[in-house]
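Step one of this worksheet: look at the structure below.
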Amino acid sequence: MKKSAVCLIAMLVITFTLRAQYSFSTLDVPGSTKTEAYGISGNNIVGYFQDAGGTHGFLYNGSTFTTLNVPGATQTYANGVSGNTVVGYCQLAGTYRGFVYDSGMYTTNFTYPGAIDTHFWSVSGSNIAGYSSIGSFIYNGTTYTNFTVPGSYRTTALGIAASGVVGFYTTNSSDQQHGFLYSGGTTTRLDYPAALLTQAYGLENNFVVGNYLDTTLFRFHGFVHDGSAFTPLNVPGASETYAYAISSGRIVGSYKTNNVVHGFVASPANNGVQLRFMRSSTNLILRWTNTVSDYALQSSSNLSPAGVWINLVTNPPVVKGEYSFTNPATSPGQFFRLIK
């Protein structure tokens, strides 16, 4: 088997496991008991880790980890990076405040006007997106501008890029979380199909990464949204996966296995073929690029070694530059994969 992509359909509740489209590498700070990677820009990756000494931020440049501890802070979280500029938040005097780290220098005590707690989450150029105890904002280095999804009860702004802002929002105090993309003056709601909640965290061009909570095991999974459809992102063998940021196609986040949290970097696999899905009424539409040929779409009702894979189609009709195959979404427990 050279390439495969697998998805599961069960009683119209759709969950997916992504394989062969990304290669995953664990990113753990040496000596840490927990590592989470939150931001990426080129070769620079930031996040936080825990060890016997507490909670610290980190900056990883592809070969070396630099520990980030805001002077005087009891906790430091590094969340976003753009070039060499790192943003995050820290606990100072019992409250959370934003900070900026650049070329070995910290600038601290950033507080959204009127707020008790302020969290800097991501940075793009001179603009910082974040949230506070009283609302979300965009900070341009001198001025805070309130950021709210129209009609929302509460908005949490998390990711910022030249193409827009992403995050999640609720419409009332008991509503589930809905992801959003704000771009070009328009807000687009992002809800992973059949998920209990959806959170958008990172943005690059038209690609959004984030997380959703499934309705079967009530666990979190990562996703990639390409502007038209969702693709799940699951670290193989992990009980939960969280995707937080994307840069040059590489995605960073964290995953849980055996109740231990690790950071990860997901890189597009060489010549990977991505199997995407869309819902249409009671059908599931499966698509993949027509720039490759002779990949067979197969299905099975069992992922065990004894499971039998049945060929469904090879090189089906092309729709908008992609092979497209329509399958009824009423069959319980179906798995799909591409194989060549």
note = Placing +1 on each Lys and Arg Cβ and -1 on each Asp and Glu Cβ in the chain, then taking the dipole about the Cα centre, the residue among 338, 168, 209 whose Cα reaches farthest towards the positive end is 338
Span from the segment 48-82 Cα centroid across to the segment 102-170 one, whole angstrom = 20 Å
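Using the count of nearby Cβ atoms within 10 Å as a rough guide to exposure, how do 336, 218, 207 rank from fewest to most? Mind dumping the intermediate values first?
On the way: 336 23, 218 9, 207 17.
By the 10 Å Cβ count, ascending, the order reads 218, 207, 336.
Can you compute the FRET efficiency between residue 52 and residue 126 using 1/(1 + (r/R0)^6), with r the Cβ-Cβ distance and R0 = 35 Å? Round to the nearest 0.05.
Values: r = 37 Å, r/R0 = 1.06.
Efficiency, rounded to the nearest 0.05: 0.40.
Size of the dipole of the chain about the Cα centre, Lys and Arg at +1 and Asp and Glu at -1 on the beta carbon, nothing else charged, in debye to 20?
Values: 16 positive and 13 negative charges, 139 e Å.
Computed about the Cα centre, the dipole is about 660 debye.
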Average silhouette area of the chain, convex hull of alpha-carbon atoms, in square nanometres = 18.2 nm²
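Using the number of other C-beta atoms within 10 angstrom as an exposure proxy, rank 217, 275, 92 with the fewest first. Can you show the working numbers first?
Working: 217 11, 275 26, 92 19.
In order of increasing Cβ crowding within 10 Å: 217, 92, 275.
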task = Please list, in chain and number order, the residues 5+ apart from residue 205 or on another chain whose amide H is under 5 Å from its amide H, with Hs placed from the backbone.
result = 163
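Let's see if you can work this out: charge +1 on each Lys and Arg Cβ, -1 on each Asp and Glu Cβ, no other charges. What is the dipole magnitude of segment 210-319 about its Cα centre, in debye to the nearest 20?
On the way: 6 positive and 4 negative charges, 20 e Å.
The dipole of segment 210-319 has a size of about 100 debye.
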remark   = Comparing 251, 310, 45 in a Gaussian network model of the chain (Cα, 10 Å), the one with the largest mean-square fluctuation is 310
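Computed from the coordinates by the stated procedures, all read-outs in this text should not be read as laboratory data. Source: prediction; values computed, not measured. When we count neighbours, we look across all protein chains shown, and the Cβ atoms used for this are built from the backbone with ideal geometry, even at glycine.
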